[in-house]
1. For the chain, what proportion of DSSP beta bridges, expressed in % and rounded to the nearest 5, is antiparallel?
2. I'd like the distance separating the alpha-carbon centroids of the stretch 81-98 and the stretch 139-203, in whole Å.
3. For the chain, what does the helix formula give at 222 nm: sum of -39500 (n - 2.57) over DSSP H segments with n ≥ 4, over the residue count, nearest 500 deg cm²/dmol?
4. Using the per-residue mean of other Cβ atoms lying within 10 Å as a proxy for protection, in what order, highest first, do the peptides 270-279, 244-253 fall?
5. Could you tell me what percent of the accessible area of the stretch 175-270 is made up of carbon and sulfur, with a 1.4 Å probe and every protein chain present?
6. Once both labels are modelled 7 Å past Cα along the beta-carbon direction, what's the Lys49-Ser241 spacing in nm?
7. Given the peptides 254-260, 83-89, arrange them by the average over their residues of other C-beta atoms within 10 Å, most packed first.
8. Please report the net charge: other residues with Cβ closer than 14 Å to the Cβ of Leu294, K and R +1, D and E -1.
Amino acid sequence: MAKRKIAVIGVGKIAQDQHLPVIDKSEHFELAATVSTRGIGHNGVPVFKTPGELYAAMPEVDLVSVCTPPGIRHQYVREALEAGKDVMMEKPPTTTICELDDLVAQAKRLDRVLFQTWHSQYNAAVDRTRELLAEQGVASVRIDWRESVRKWHPGQDWVWEPGGFGVCDPGINALSIFTKVMPFPVFVQSSRLTFPKNRQTPVDVEIAFKSGEPHQPQMSAGFNWLEESGEIWTIRFETQSGDVLKLEKGGTVLRVDDAVVVQNPSEEYEGIYERFAALLERHESDVDAAPLRLMADVFLLGARENGPAFEW
Ligand code: NAP
């Protein structure tokens, strides 16, 4: 079958690290163009300054992957849907739940495919954890998500602006695993957000969760963005059967009682593009709003503290 032509909108870190190389080797997709305010291209394909210019010049490109920061995603995705495109969105989908609801409604109205990606969900270790928790029940959960903002978002000032999520930008990856694997609904009970005194988004967050069930396991999360010793992306579960499940390295490794039972190389974006191809084949949308809803509640319930100023 002929490859589908796709354009990438926003050629920043994640587009260059993952989307473009994965499209290059995909059997389903072929890069047709980029849209880049800074004029960044890839392999000689046409580069446009705005999505509107792309849609006018290359109407045959009917797929776009929107890799911008979340603050402008609503506008770009709405415009793409209106132009008749099927759309893949980076995470976090939008900065508000109202915007995401609107995009879902627009995609439905216009009969387009809308795919909201959560890259951390695309791991065999995550799938196995979900199965084990369904079988064994949950006694406790502890999420530790610590990394260096200087390494993962070098010089990106948007992460510190209102709507930039701060440390909740990586933290929402943990919540996308959490909401996927839990066998019952979870809610935010309380949260504490520490803001650098010169910035608008948090650098450190501590969350307590509660369940909607009579059974109340201990469940909490800590996100930190000043961890310079390397990434700590770990979720530890105790099951009601007494096993300890540890999802490590962002969800790529599962240990049960310290023995590694699943370990896969990180091929999250390969999985995302496979999923997009399957959704297009079936003309089906896939939008999971649960991680954004939970994160919105972290901000709604958040107690604020001021911390030291942050400079790059
Ligand atoms: P980034 O390096 O800042 O890239 C975003 C790109 O979007 C910019 O380089 C710019 O590219 C374009 N853009 C268009 N309008 C913009 C605006 N108003 N402000 C800023 N950029 C604008 O960010 P990123 O790290 O790639 O993150 C993009 C999205 O991917 C975020 O939602 C993030 O959560 C997600 N993500 C990031 C990582 C990571 O490791 N950093 C991992 C997974 C997911 P042009 O100059 O080409 O227009």
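The values are calculated or read from the model by the stated rules, or taken from the named source; none is laboratory data. The model shown is predicted, which means the values in this text are computed figures rather than measured ones. We place every Cβ from the backbone using ideal geometry, glycine too, and count neighbours over all the protein chains shown. For the accessible areas, the whole protein counts, side chains as well, though only heavy atoms, and no ligand, DNA or RNA atoms are used. Shrake-Rupley method; radii C 1.70, N 1.55, O 1.52, S 1.80 Å.
1. Once the DSSP bridges in the chain are tallied, antiparallel ones form about 50 percent.
2. Here the two parts' Cα centres lie 20 Å apart.
3. Result for the chain, helices only: -9000 deg cm²/dmol.
4. The packing order, highest mean first, is 244-253, 270-279.
5. Of the solvent-accessible surface of the stretch 175-270, carbon and sulfur hold 46 percent.
6. The answer from the label model is 6.1 nm.
7. Peptide ranking by packing, descending: 83-89, 254-260.
8. Result for the neighbourhood of Leu294: +2.
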